[in-house]
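The values are calculated or read from the model by the stated rules, or taken from the named source; none is laboratory data. Since we're looking at a predicted model, the values are computed, not measured. Every residue, glycine among them, receives a Cβ derived from its backbone with ideal geometry; neighbour counts consider all protein chains shown. The area values use the complete protein model at the heavy-atom level, side chains included, leaving out ligands, DNA and RNA. Shrake-Rupley method; radii C 1.70, N 1.55, O 1.52, S 1.80 Å.
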Amino acid sequence: MQIDLKGKTILVTGASNGIGKEGAEFLMKMGARVAVHFNTNKKAAETLVSSYPNTKSKTFQADISKEQDIYKLFDDVCHEFKKIDVVILNAGVFLPHSTQESTIDWFSVWKKTIDINLNSVGLLTKLGIDHFIKNGEGRFIYIGSRAVFRGETEEYLAYAASKGGMVSLARSVARSFGKQNIKSFIIAPGFTRTQMAENFISNHGEQKILDEMALNDVTKPEDLTPVIGLMCAGLMDHATGATIDINGGSHIR
């Protein structure tokens, strides 16, 4: 699929692997200049950017569990590129914390998950809204989860709650700021073949995932990228506030 994204500057969080990496690569193939955010995997981020030198994309490091790192990330991208057209909020964690653990340990994982999956998203959303209003337009894409709509198992309560908050935020942004030419979209994957899902697969087996699905193979990160491209290009603006389910038919609403 060819989507023209030349002239677009797009910030992708968590872009050194998984959905973020495949999304960033697809956007660069379509001509976008991408701010490739990473936390620890510098080599992967730099390798990705070096493969598309004509886009003038760059890497940006930040630990998004830390408030000051988030401010610096957004400031650095704005300083480097001047204008951001799209913010893709992808970075997140999928950490188990069974209710059979001690309450102290359980709540520790809860707080870490909320900090990374929701608090960072809230702050980047506020920074993005200010930036988009100043520039007259902008788009957010939030990578949510089917867990928001069907619930999760007991060892992933924090993950489900964090993604539920993200989806409600994304819908509220769409409703509140559409008249100011700001659009907001949600993509809700099911299990996707990424590093984040590997622990679950190693513990429970791939067949457990396939048994839930209507299709015969696990969703891959590149299955999400055409939709991301359409959203970035402005070809889905009248779907602002909508959630697009990409989960292999494992949860149909």
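Couple of notes before you dig in:
- Complete set of residues in segment 62-79 that are more than 14 Å from Ala15 (Cα to Cα) and in contact with a helix residue (DSSP H, G or I) (Cβ under 6 Å, 6 or more places away or on another chain): Ser65, Ile70, Phe74
- Subset of segment 212-225 that is surrounded by fewer than 18 Cβ atoms within 10 Å (Cβ to Cβ) and within 16 Å of Ala15 (Cα to Cα) - its residue that is modelled with the lowest pLDDT: Lys220
- Pairing residues of segment 94-121 that are at positive phi and without any contact (Cβ under 8 Å) to a residue 60 or more places away in the chain with residues that are part of a loop (DSSP other than H, G, I, E, B) and of a type in the set (Phe, Trp, Tyr), at Cβ distances under 6 Å and at least 6 apart in sequence or on separate chains, gives no pairs at all.
- Tally of residues being closer than 15 Å to Met236 by Cα and among the aliphatic types (A, V, I, L, M) across segment 171-190: 4
- Scanning segment 41-60 for residues that are of a type in the set (S, T, N, Q) and assigned to a loop (DSSP other than H, G, I, E, B) yields Asn41, Ser51, Ser57.
- Taken together, the residues in segment 1-40 that are part of a helix (DSSP H, G or I) and open to solvent by 10 Å² or more (accessible area, probe 1.4 Å) amount to 7.
- Filtered residues of segment 148-201 (kept if at pLDDT below 95 and not in a helix (DSSP H, G or I)): Gly151, Glu152, Thr153, Pro189, Gly190, Phe191, Thr192, Arg193, Thr194
- Residues in segment 132-148 that are over 14 Å from the mean Cα position of the chain (by Cα) and under 20 Å from Pro221 (Cα atoms): Ala147, Val148.
- Residue match in segment 96-109 (condition: closer than 17 Å to Ser162 by Cβ, modelled with pLDDT under 95 and in a loop (DSSP other than H, G, I, E, B)): yes
- Of Ile201, Ile182, Ile209, all but one fail to be touching a helix residue (DSSP H, G or I) at 6+ places or on another chain (Cβ under 6 Å) and surrounded by 15 or more Cβ atoms within 10 Å (Cβ to Cβ); the exception is Ile182.
- Looking at Asp115, Asp63, just one residue is in a loop (DSSP other than H, G, I, E, B) and more than 23 Å from Phe191 (Cβ to Cβ), and that residue is Asp63.
- Residues that are within 14 Å of Val12 (Cβ to Cβ), free of Cβ contacts under 8 Å to residues at least 60 places away in the same chain and open to solvent by 10 Å² or more (accessible area, probe 1.4 Å) within segment 128-148 are absent altogether.
- Of all residues in segment 156-171, those satisfying the criterion of being without any contact (Cβ under 8 Å) to a residue 60 or more places away in the chain and either in contact with a Cys (Cβ under 6 Å, 6 or more places away or on another chain) or open to solvent by 40 Å² or more (accessible area, probe 1.4 Å) (or both) are Ala161, Ser168, Leu169.
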